[in-house]
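Before any comments, here is the structure.
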Amino acid sequence: MKRILTLVMLLSLAAVCLLAPASALAYWDYNSQLALMDDDLPELYGTLNQKMATRTGPGTEFTEPGTFMAKGDRVRIISVSIDENDVPWVQVDLTYGRKHIRAYTGLKRFDGVKLNDIPREFNYGIERELTQDVTPLYGPGSNYSAYSFTLKAGRSVTLIDDENGYAMCEFYAKSEQQWYRVWIPQGALF
């Protein structure tokens with residue numbers, strides 16, 4: 001039954017993605033059993049029960065941007081992704097000091113937030129190549145902090161999603177033995 005539900009969900013989401021504008025993220029709402037686009041996402045906030053350690057993607061194999069906020073702080077939750085160990089990781093959007101970032105943290109860090117109330121991420125999983133050198137960002141827009149490195153033209157990345165003219169991409173940094181999820185302008189992908 002779980003496989004049938006997953007198949008129905010993916011087919012519904014794929015149909016919505018084909019009909020949606022290229023600048024929208026797609027998520028699955030388990031409560032309504034409908035696909036949501038970024039404009040339809042609920043304003044969902046959670047209250048931290050501890051400091052918020054983060055990763056650039058949904059799992060411990062991704063780099064750590066840092067530990068932010070304090071117990072009792074409210075943080076906007078964008079989406080949830082379940083890793084291979086069935087651990088829910090939420091994508092959060094926050095401003096800390098002068099940094100504006102999107103990052104992932106474990107759902108366990110939030111009190112009173114129900115898994116099925118959080119839109120599920122959709123992962124395109126499409127291999128792409130960079131057409132130009134680009135400095136990746138921590139979120140889908142120029143108002144997000146930039147990474148301190150540049151990705152070179154010709155580099156292969158995996159397209160995860162897109163929003164606001166930016167693509168969420170994933171790649172493995174061999175020298176660090178870590179995965180990254182970053183945002184780059186969609187025009188930089190082939």
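The values are calculated or read from the model by the stated rules, or taken from the named source; none is laboratory data. Not measured: the values here are computed from a predicted model. As a convention, Cβ positions derive from the backbone with ideal geometry for all residues, glycine included, and neighbour counts pool all protein chains shown. Side chains are part of the model used for accessible areas, which takes the heavy atoms of the whole protein and leaves out ligands, DNA and RNA. Shrake-Rupley method; radii C 1.70, N 1.55, O 1.52, S 1.80 Å.
So the values come out like this:
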quantity	calculated
Residue satisfying all of: in region 67-86; without any contact (Cβ under 8 Å) to a residue 24 or more places away in the chain and not in a strand (DSSP E or B); surrounded by the most Cβ atoms within 10 Å (Cβ to Cβ) among these	Lys71
Wholly enclosed strands (runs of 3 or more DSSP E) of region 144-190 bearing at least 3 residues in contact with an Asp or Glu (Cβ under 6 Å, 6 or more places away or on another chain)	156-163
Region 97-127, residues that are in a strand (DSSP E or B), modelled with pLDDT under 90 and open to solvent by 80 Å² or more (accessible area, probe 1.4 Å)	Lys99
Sole residue being open to solvent by 30 Å² or more (accessible area, probe 1.4 Å) and farther than 23 Å from Tyr96 by Cβ, chosen from Ala167, Ala153, Ala173	Ala153
Filter result (under 13 Å from Arg128 (Cβ atoms) and open to solvent by less than 30 Å² (accessible area, probe 1.4 Å)) within region 176-190	Val182, Ile184, Ala188
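Yes/no matrix, rows are residues, columns are (1) open to solvent by less than 60 Å² (accessible area, probe 1.4 Å); (2) out of contact with any strand residue (DSSP E or B) (no Cβ under 7 Å at 6 or more places or on another chain); (3) assigned to a loop (DSSP other than H, G, I, E, B):
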residue: Gln50; (1), (2), (3): no, yes, yes
residue: Gly59; (1), (2), (3): yes, no, yes
residue: Thr95; (1), (2), (3): no, yes, no
residue: Glu129; (1), (2), (3): no, no, no
